[in-house]
Amino acid sequence: MPKLHCKRCLAAGFFALAMFSLMTLAVGTLALMTLALMTTLSLPAAAQNAPIPPPPAPPAVSSTGPTSNTNSAPHTRSNVDDQSQDQSVETLKVNVEVVQLFFNVKDKRGALIPNLSKDNFDLFEDGQPQSIKYFRAESDLPLTLGILLDTSGSQLRVLDMEKEVGGSFLESTLRPKDEAFVISFGTDIELLQDFTSSVSRLRHALNDAKMNSGGVSCSGGPIGPQGPIPCPSTGPRGTALYDAVYLASHDELAHEVGRKAMILLTDGEDEGSRLKIKDAIEAAQKADAICYVLLIADRGFYGFGGFHGDFEMKKLTQETGGRVIEVGNKIEKLRQAFDQISKELRSQYNAGYVPTNTTRDGSFRKVEIKPRQGDYKIQARSGYYATPRHED
């Protein structure tokens, strides 16, 4: 299984190992002293072999996410306490699988529509009506966000613009309970900053992004030649866009709960990924991540033929509940695009339901939410994977 590694994770592992060794030594010393004392006093009970009680089991971790979030232990946030969880969701979480659907509602002109209730909608799974058990606007629910930055050769003249505006977006959008990470992708895929709520660290990661357009063999990069990503026998890799979406979904967002989104700053062109667009879409759906694509293209780079990455990016965003926003190489359009995404992420509705189909067979379930009346446009993911619970 491919992983995105970071120095902080390794350091934490060595520290934990050292602390375990010290605790083991201390416990052993205490046991010898106790045994010596008991022998000296000649207590009859010293000859008995009393069993040592096992350590208490850790508390169970419940997830407010849909069934596809139950494969891995969720990432623990130090600054989010139990009080941030809504009481009605807690009621639904007991002994059932709750599917959460985050979505936006817009009018004909694309303006967001607030103040709707569950009575305004009908919800279906695989064509079967479902009962909405939980409904609210989620402007304050913690957000987990991934920024994926294209550093291939085609982005040479727009990369600095992306860094500047992306940093401003994070500063204006992230709140104390939110977290984000930064990944760059070109020939290789690099985790520039793991989960943090520090905007300064995220800005620093964006500014550290370097052009990454040299061809490498299959043995290069953090993915490696093994695992579920197939390794091509020949040919260099150019822009590993689909692989980057897969890794951001599988290695980062799949371990989170709640609202999750990723924003791709790219021209949408993939050259040399080991996975296909369908694999990237599936990974994002299993992670319940909304994908936005800011289509940034320096058209002078492509010449007469132009670029064609928008088609696959529309598939990715439509299936996950996001959308493509064309920016070109204009900094003002990029600012406007980030502003639109920020408003959408802060204006979502959340509908929770318990599926009538309780079989967790790993199949894809199509989900549709429709307005009962009114000419509304609903922006939502197309479905989810009914993955078995971790404890099964």
### Message
If a paramagnetic tag sat 7 Å from the Cα of GLN128 along the Cα-Cβ line, which residues of segment 321-359 would have the backbone N under 15 Å from that point?
### Response
353-359
### Query
Say each of THR196 and GLU326 gets a label point 7 Å from the Cα, pointing the same way as Cα to Cβ; how far apart are those two points in nm?
3.6
### Task
Taking 7 Å along the Cα-to-C-beta vector as the label spot, tell me the LYS278-HIS204 distance in nanometres, rounded to one decimal.
4.3
### Message
On a 28 Å Cα-Cα criterion, which of the cross-link pairs LYS108/LYS366; LYS106/LYS276; LYS133/LYS278; LYS177/LYS278 come out too long?
### Response
LYS106/LYS276; LYS133/LYS278; LYS177/LYS278
### Query
How large, in percent, is the carbon and sulfur part of the accessible surface of segment 318-392 at a probe radius of 1.4 Å?
43
### Task
Could you check the simple spin-label distance between SER117 and ASP310, using points 7 Å along Cα→Cβ, in nm with one decimal?
4.1
#### Entry: 10 Å beta-carbon shell around PRO371, net charge (K/R +1, D/E -1)
+1
### Nearest-0.05 FRET efficiency for LYS177 and ASN357, computed from C-beta distance (R0 35 Å)
0.55
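The values are calculated or read from the model by the stated rules, or taken from the named source; none is laboratory data. It should be emphasised that the depicted structure is a prediction, and the values quoted were computed from it without experimental measurement. Because the Cβ atoms are built from the backbone with ideal geometry, glycine has one as well, and the counts that use them run over all protein chains shown. Side chains included, ligands, DNA and RNA excluded: accessible areas come from the protein's heavy atoms. Shrake-Rupley method; radii C 1.70, N 1.55, O 1.52, S 1.80 Å.
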